[in-house]
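Asks: Below is a structure I'd like to ask you about.
The values are calculated or read from the model by the stated rules, or taken from the named source; none is laboratory data. Values in this document were obtained by computation on a predicted structure and should not be read as measured data. Cβ placement follows ideal geometry from the backbone for every residue including glycine, while neighbour counts extend to all protein chains displayed.
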Amino acid sequence: MSDPAMRILLICGDRRVSDATRAVLAETGIDALEADDDAGWSDEPAEALVIWTQALRRMTRREPQAIERLRRRMPLIAALALDETRLLADTAHLINGIVFPEINLRRLGAIIGVARAGYLLLPAELDRQQLTRSTSSGASERAFTAHENEVLSALAHGLTNRQIAQHLAMTDSAVKRLMHEALRKLRFENRTQAALYARFDREQ
């Protein structure tokens, strides 16, 4: 007896992209149920919501309570192009994972599994040139303190603020303060950009 297919909700906003995405996912054993962000949230059982960042931004403005209800039900995976990480500035705190359809859509099942375990997964295929294009154009490393370096290193390994605090024997507020200062020095807007930088660019 074969394993049942994974089922996800998919909100794209572009019918052609949605159809192509569903076809690719079907080949990997994922049943994608297309949802309409104008029609409210589906009560269909699903293991994750894969939502394009533009749709996520629209919905957080129009239906913030619906987003929160859905987050309690399943992980939110943001789908975006390699040059669109800046679009996560307002919604990065909502997502549990990222999929770049251009390079790792076929690995969505694994990404969802990691997100359900509480980690943010970033694709190893994201090379240095792609990272430079997809993050802040003015980012540069500037005299990090020892603690800021430790926080960035932990962030590169996918740890949450709470896990970083436990790992470094700090308070949650101390980690938040160090993260804020590192973001300021890098001129990044959110921890997603910092995670990309710390994982793929900082240690080159």
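Asks: Working carefully through the options Thr160, Thr192, find the one that is in contact (Cβ under 8 Å) with a residue 40 or more places away in the chain, surrounded by fewer than 17 Cβ atoms within 10 Å (Cβ to Cβ) and among the polar types (S, T, N, Q).
Replies: Thr160
Asks: Tally time: how many residues in segment 61-98 are farther than 15 Å from Thr192 by Cβ and not in a loop (DSSP other than H, G, I, E, B)?
Replies: Of the residues in segment 61-98, 12 are farther than 15 Å from Thr192 by Cβ and not in a loop (DSSP other than H, G, I, E, B).
Asks: Let me ask another. If you take the residues in segment 191-204 that are in a loop (DSSP other than H, G, I, E, B) and under 14 Å from His157 (Cβ atoms), which one is modelled with the highest pLDDT? Talk me through it step by step, then tell me what you get.
Replies: Restricting attention to segment 191-204, the residues satisfying the condition of being in a loop (DSSP other than H, G, I, E, B) are 202-204.
Those still in the list that are under 14 Å from His157 (Cβ atoms) too: 202-203.
On the way: Arg202: 55, Glu203: 48.
Restricting to residues being in a loop (DSSP other than H, G, I, E, B) and under 14 Å from His157 (Cβ atoms), the top hit is Arg202.
Asks: State which residue is surrounded by the most Cβ atoms within 10 Å (Cβ to Cβ) when the search covers only segment 61-80 and only residues that are of a type in the set (Gly, Ala, Ser) and without any contact (Cβ under 8 Å) to a residue 40 or more places away in the chain. Let's see the steps before the verdict.
Replies: Looking only at segment 61-80, we keep the residues that are of a type in the set (Gly, Ala, Ser), and these are 66, 78-79.
Next, only the ones that are without any contact (Cβ under 8 Å) to a residue 40 or more places away in the chain stay: 66, 78.
Numbers: Ala66: 14, Ala78: 25.
Within segment 61-80, the match that is surrounded by the most Cβ atoms within 10 Å (Cβ to Cβ) is Ala78.
Asks: Moving on to the next point. Taking the stated definitions as given, is Phe188 within 22 Å of Ile95 (Cβ to Cβ), modelled with pLDDT under 75 and part of a helix (DSSP H, G or I)?
Replies: Numbers: within 22 Å of Ile95 (Cβ to Cβ): yes; modelled with pLDDT under 75: yes; part of a helix (DSSP H, G or I): no.
Criteria not met by Phe188.
Asks: Hey, any hits in segment 137-146 for a residue that's at pLDDT 80 or above, in a helix (DSSP H, G or I) and either touching a His at 6+ places or on another chain (Cβ under 9 Å) or not assigned by TED's automatic domain parsing to the domain that holds Thr60 (or both)?
Replies: Checking segment 137-146: at least one residue is at pLDDT 80 or above, in a helix (DSSP H, G or I) and either touching a His at 6+ places or on another chain (Cβ under 9 Å) or not assigned by TED's automatic domain parsing to the domain that holds Thr60 (or both).
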